[in-house]
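A quick write-up on the structure given underneath.
The values are calculated or read from the model by the stated rules, or taken from the named source; none is laboratory data. Here the structure is a predicted model, which means the values were calculated and not measured. Glycine also receives a Cβ, built like all others from the backbone with ideal geometry; neighbour counts cover every protein chain displayed. Heads up: the accessible areas ignore ligands, DNA and RNA and are worked out on the full protein's heavy atoms, side chains in. Shrake-Rupley method; radii C 1.70, N 1.55, O 1.52, S 1.80 Å.
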Amino acid sequence: MKKLLLSLMCLCTLGSQADEGMWTLYNLPKAVYEQMQAEGYQLPYDQLYHADDAIMKSVVNFSGYCSGVVVSPDGLVFTNHHCGFEAIRSHSTVEHDYMLNGFIANSYEEELPNEGMFVSFMVEQKDITDQLPEGFITQVVNQRYAYLDSLETAMNKEVRANDSTLRVEILPFYEGNRYYATTYRDFTDLRLVFAIPKSMGKFGGETDNWMWPRQTCDFSVFRIYADPKTNGPARYSKDNVPYHPQHWAQVSTQGYKEGDFSMTMGYPGSTSRYLSSYGISERYAQNAIRAQVRGVKQETMKRHMDKAEGVRIKYDSKYAQSSNYWKNSIGMNKCIDSIGLIKQKEQFEQQLRQWQDTTGYLKGQLDFNKMKELYDERIVLSKAIMLWSESFGRNDELTQRAMRVHGRMPTVGKGKREHIIFKDNKDEWDLDTDREILGTLLKNYREQVTDPKYLPEFYQTIDKKFDGDCQAYANYLYKKSALIKKGRVYPKKKSFLKDPGVQFGQQLTKLRNDFSEGMMKARNDINEQERMLCDAKLRMEQDQPHYSDANFTMRLSYGQVKEYNLGGKPSGWQTKAPSIVAKMKRGSSIEDYKVEPEMLTLLGEAGQMPLCFLTTNDITGGNSGSPMFDGQNRLIGLAFDGNWDSLSSDIFFDSQLARCIGVDIRYVLFMMDKWGKADRLLKEINAK
């Protein structure tokens with residue numbers, strides 16, 4: 001048996017590599033810590049999680065979609081520029097365009113509040129699997145969720161009895177084979193302090209997105225505010241004061257060299273590295289659909305943005321969010337093909353079958369033939385759902401409102417006066433732009449649908465009343481629907497169901513519900529097979545440490561400052577000021593390299609200042625803004641991207657090619673100093 005295990009472990013190309021892993025901190029395996037020491041980590045184990053001044057206490061979940069780090073005793077937070085992008089946009093006007101020109105608060109009073117934004121500190125995490133009822137893990141999804149909801153409620157009640165500022169969240173780990181409870185403290189008064197111009201914060205734009213070499217100065221600065229009496233969380237108030245954290249990260253100007261230790265901590269959003277070959281094939285098909293639909297939408301959006309400055313301000317953030325995973329989907333599929341990932345997974349699964357035949361583990365339960373049949377049955381439906389989601393999910397304003405009135409949108413008033421209020425958000429969208437986006441996506445959806453049963457009923461209206469002209473139908477909806485024309489909608493009035501926008505949303509909702517019913521059984525059966533696949537892998541490789549897939553909980557990743565080699569060509573591991581100056585001089589022909597003249601002068605006088613660097617740290621979406629520490633827990637940079645040649649890393653980590661791209665903290669400080677003249681912030685940060 002031992003010989004078989006050793007043979008399989010040597011053959012397997014999909015096991016954890018030296019620097020691979022998104023590790024939970026409270027139970028970091030000893031073998032992982034020892035490897036960190038071997039690569040250059042110099043502090044005791046407790047300095048990661050357990051000690052009062054452990055470095056994890058400075059790391060935050062930034063507004064539920066990014067990561068950040070506290071860098072001062074007065075609650076300053078560093079994150080990426082693209083993580084703060086929507087906050088910067090929301091405060092921008094044509095007269096005061098903070099996206100275009102940057103923003104600097106010269107006093108506490110000038111720092112700008114941001115509705116809906118927050119930071120969360122992780123307080124504690126623990127494995128509660130053994131506390132769950134016998135047979136819980138194999139229950140159907142709805143039963144598990146119902147029990148977890150009640151357990152989470154009970155745990156929140158218990159923890160809040162001692163500290164009302166805490167909350168508990170229970171999530172599955174290892175594909176649902178384990179369950180962890182994580183305790184957080186949330187601060188909801190988060191204010192914008194400093195942002196550099198978009199030309200620098202997004203330097204390179206889509207031209208350089210996911211690419212190396214990079215020169216993007218991807219950072220922004222916020223501040224946490226707290227209750228003046230308790231130093232604890234509080235809703236926004238002009239009386240709140242800067243938060244004084246228990247611990248903050250020391251910003252370092254000491255630098256690093258190739259081969260030095262590097263560690264990230266943050267909140268990676270989602271990975272699927274235990275996913276079967278069948279699941280990867282499905283993901284490949286979904287990626288192709290996402291890329292196609294977003295490409296069509298972005299062309300329309302960009303055309304309108306280029307015509308008017310006001311439109312650009314409204315859509316900058318939306319365009320960036322869309323294009324980020326448009327390009328990611330293209331790159332992921334390219335990498336899946338180039339490394340033959342599906343074939344690699346199939347070979348691993350064959351090894352697992354042999355091990356299963358020898359040991360009998362999960363025999364009769366984990367069934368690869370059944371898994372293939374389930375995925376084959378689901379693929380047409382899953383592709384249709386992806387097309388629907390990309391075409392009608394969170395795109396134009398009317399479609400969003402039309403879907404919301406058929407959802408759980410709260411009402412106001414009683415009887416016939418019961419109504420729905422849409423807030424005045426005209427500063428977030430443009431009529432002509434959204435109207436054309438809807439018409440374009442309606443036309444594209446029809447062209448991409450392979451089965452007529454996935455066409456909503458309103459396509460009959462488009463054919464009969466508008467001669468098949470999708471744009472004419474979109475124009476009609478925007479002109480006639482009360483969802484756009486009025487601030488109030490009355491669901492109990494007869495006119496409600498006659499409203500063309502309401503009918504449009506109703507038909508979209510019906511198709512979405514049909515999709516949900518069709519997916520439910522297949523999803524449950526497939527998820528159970530995938531859970532057992534993960535379980536079998538963990539058992540077969542039980543002598544190795546394993547990390548769980550990312551699920552937006554805090555993770556540690558370690559590695560080294562290091563270049564990669566592609567086709568015999570070394571990438572280089574660092575960029576310096578002359579490289580950005582060379583790109584800036586190409587700004588007349590490449591829009592993404594265009595900057596203000598002062599930036600060209602500033603960087604031209606910066607000598608050989610470091611800009612960005614590569615490490616072997618393991619990251620994914622959500623890690624944006626993650627602090628990058630050296631072997632003494634000192635902040636040396638902020639993670640902001642991965643490289644194009646390893647965009648399949650969400651499903652397979654290629655240790656030879658996968659790299660984390662970070663902005664050097666010295667570049668950050670340079671821009672705060674030379675461009676921003678932010679002396680009060682630099683003194684507060686006290687870099688050493």
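Only residues that are over 25 Å from Gln286 (Cα atoms) and open to solvent by 70 Å² or more (accessible area, probe 1.4 Å) were counted across the range 300-349, and they come to 4. Scanning the range 205-227 turns up no residue that is open to solvent by 50 Å² or more (accessible area, probe 1.4 Å), more than 30 Å from Met609 (Cβ to Cβ) and without any contact (Cβ under 8 Å) to a residue 40 or more places away in the chain.
Only residues that are part of a loop (DSSP other than H, G, I, E, B), surrounded by fewer than 21 Cβ atoms within 10 Å (Cβ to Cβ) and in contact (Cβ under 8 Å) with a residue 60 or more places away in the chain were counted across the range 381-402, and they come to 0. Out of Phe670, Phe629, Phe652, one residue alone is farther than 27 Å from Val251 by Cβ, among the hydrophobic types (A, V, I, L, M, F, W, C), in contact (Cβ under 8 Å) with a residue 12 or more places away in the chain and out of contact with any His (no Cβ under 6 Å at 6 or more places or on another chain). It is Phe652.
Yes or no, residue by residue, for (1) modelled with pLDDT of 95 or more; (2) in contact with a Ser or Thr (Cβ under 6 Å, 6 or more places away or on another chain); (3) over 27 Å from Arg353 (Cβ atoms):
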{"site": "Leu508", "(1), (2), (3)": "yes, no, yes"}
{"site": "Asp514", "(1), (2), (3)": "no, no, yes"}
{"site": "Glu517", "(1), (2), (3)": "no, no, yes"}
{"site": "Ala536", "(1), (2), (3)": "yes, no, no"}
{"site": "Glu541", "(1), (2), (3)": "yes, no, no"}
{"site": "Ala550", "(1), (2), (3)": "yes, yes, yes"}
{"site": "Met554", "(1), (2), (3)": "yes, no, yes"}
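If I ask for residues that are acidic (Asp, Glu) and more than 15 Å from the chain's Cα centre (by Cα), which ones from the range 634-660 would you list? Across the range 634-660, the qualifying residues are Asp645, Asp654.
The set of residues in the range 647-678 being open to solvent by less than 10 Å² (accessible area, probe 1.4 Å) and either among the small types (Gly, Ala, Ser) or in a helix (DSSP H, G or I) (or both) consists of Ser648, Ala658, Gly662, Ile665, Tyr667, Val668, Met671, Met672, Gly676, Ala678. State the number of residues belonging to the range 125-169 that are of a type in the set (Asp, Glu) and surrounded by 13 or more Cβ atoms within 10 Å (Cβ to Cβ). Total meeting the criteria: 3. One residue alone among Glu134, Glu110 is out of contact with any strand residue (DSSP E or B) (no Cβ under 7 Å at 6 or more places or on another chain) and farther than 20 Å from Ile170 by Cβ, and that residue is Glu110. For the range 275-287, the count of residues that are open to solvent by 20 Å² or more (accessible area, probe 1.4 Å), assigned to a loop (DSSP other than H, G, I, E, B) and at pLDDT 95 or above is nonzero. Counting only helices (runs of 4 or more DSSP H) wholly contained in the range 431-521, the ones carrying 1 or more residues that are among the polar types (S, T, N, Q) occupy 431-448, 458-466, 470-480, 494-498. Among the residues making up the range 228-254, those that are modelled with pLDDT of 95 or more, closer than 16 Å to Lys57 by Cβ and surrounded by fewer than 21 Cβ atoms within 10 Å (Cβ to Cβ) are Asn231, Gly232, His244, His247, Gln250. If you filter the range 448-480 down to residues that are within 25 Å of Asn513 (Cβ to Cβ), of a type in the set (S, T, N, Q) and under 34 Å from the mean Cα position of the chain (by Cα), you find that the one that is surrounded by the fewest Cβ atoms within 10 Å (Cβ to Cβ) is Thr450. Tallying residues that are under 27 Å from Asp630 (Cβ atoms), of a type in the set (D, E, K, R) and open to solvent by less than 10 Å² (accessible area, probe 1.4 Å) within the range 520-571 yields 1.
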